[in-house]
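Okay, so here's the structure we're looking at.
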């Protein structure tokens, strides 16, 4: 019934293969990626930010959902991973890949965004307030991996629980927590 969700098209399949060759196993899963693509369509002409490019799998899905007037800045500090994203996605003129520490990038950034996917520590566990401060009113903020994962280090569940409590306590967000995929939180900033 839901086979279309598992479809991997275009550069997605190539990125997944190159990720496996590199030994990178932290890419977004297909369910979350499909949701990112759908949510991206809600922000025509939008400014998108991805914190944690990885090898570009979620980047590719975001680009699939974005219209031609939208732009995406994707930040990651791993040059080998970002080289894969550059190889398969670098020709897309809507995309700007930045190889830099996410915290440093957030500290220096002066832009605001319609959509933020925080898929690394920066903008999620670190500098949450900074990330949410650059989210425009009615903007969408998405995080994943909020359900226990096999690669979580000892004590990580407590960090995830604190993050959820922080998001729940904010009065400037409308929040939905999904116990689906790897555990997603989708928030919209009140206008």
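Of the beta bridges in the chain, as assigned by DSSP with both residues counted there, near 35 percent are antiparallel.
D by Stokes-Einstein for region 35-74, Kirkwood Rh over Cα pairs, 4 °C, 1.567 mPa s: 132 µm²/s. Fewest-first ordering of 34, 112, 74 by other beta carbons within 10 Å of each residue's beta carbon gives 112, 34, 74.
Here region 118-191 and region 43-82 have alpha carbon centers that stand 18 Å from each other. Can you show me the helix-derived [θ] at 222 nm for the chain, built from DSSP H runs with n ≥ 4 at -39,500 (n - 2.57) apiece and divided by the number of residues, rounded to the nearest 500. Calculated mean residue ellipticity at 222 nm is -11000 deg cm²/dmol.
Specify which labelled value, from (i) 17.1, 57; (ii) 15.5, 46; (iii) 14.7, 40, agrees with Rg and Dmax of the Cα atoms in Å derived from the coordinates of the model shown. This structure yields the entry labelled (ii).
Averaged over residues, the count of other Cβ atoms within 10 Å places the peptides 134-145, 57-68 in the sequence 57-68, 134-145, highest first. Given their separation in residues at 0.36 nm each and the Cα-Cα distance between them, residue 41 and residue 179 gain 47.4 nm when the chain is fully extended. The length gained by stretching the chain between residue 133 and residue 162 to full extension, at 0.36 nm per residue less their Cα-Cα distance, is 8.5 nm.
No lab work stands behind these numbers, since they all come straight from the coordinates. Treat the numbers as computed from the prediction; the structure is a model and nothing was measured. All Cβ positions, even for glycine, are placed from backbone atoms using ideal geometry, and neighbour counts span all protein chains on display.
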